[in-house]
Every structure is written in C-alpha cells, then in structure tokens.
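Here the structure comes first, spelled out in structure tokens, and everything after it is commentary.
The values are calculated or read from the model by the stated rules, or taken from the named source; none is laboratory data. Remember, it's a predicted structure, so these values are computed and weren't measured experimentally. Note that we place each Cβ from the backbone using ideal geometry, even for glycine, and neighbour counts take in every protein chain shown. Accessible surface is based on the protein model in full, side chains and every heavy atom, while ligands, DNA and RNA are left aside. Shrake-Rupley method; radii C 1.70, N 1.55, O 1.52, S 1.80 Å.
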Amino acid sequence: IVVANSSEYGVIVKRVSEINGNQIHLISDNKNVDYEVINGISYETRGIDTWTDLSTIIGTVEEY
C-alpha cells in the first residue's frame, strides 16, 4: 500500500498490483460500482485503477 501524488487524482492511498520498471499499477480496494444519472446520461463510478511513475510515490504503509 502506497501514498502517491497523482496528477489525475491528487494524493491517493492505493494498493500496488504490479510493477513494470518505473511504472507502478495502483488499484483501489473499493470494488463497489455506483451509477449516477446527470442530465439524462448514466455515469459509472468505481475505484481507481491507474498506472503512475515511481517518482509520484511519496510514502508507503509499513504495517497494516
């Protein structure tokens, strides 16, 4: 589990699922999917699933 400063999401706390060189794949433990209708259009929202550069990692969880 790491703390990253994502340009897309801001500061996030996520689980590392994969490392490929300097690229880190981060996923959310929250698997809930929600739906919201805005102006007649249905939008799906779910936990974050993103790749980030190692340089964006600003902290790690030492104990869980």
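Points to keep in mind about this one:
- Only protein heavy atoms count here; under a 1.4 Å probe, residue 49 has an accessible surface of about 100 Å².
- Here the stretch 1-49 is treated with +1 on each Lys and Arg Cβ and -1 on each Asp and Glu Cβ, and its dipole about the Cα centre works out to around 160 debye.
- Solvent exposure of residue 42, expressed as accessible area, is near 80 Å², computed with a probe of 1.4 Å over the protein chains only.
- For chymotrypsin sites (Phe, Trp or Tyr not before Pro), no site in the stretch 1-61 is both called loop by DSSP and has at most 12 other Cβ atoms within 10 Å.
- Over the chain, the alpha carbon radius of gyration divided by the compact-protein estimate 2.2 N^0.38 Å works out to 1.30.
- In the context of the full set of protein chains, the chain has a per residue accessible area of 77 Å² (1.4 Å probe).
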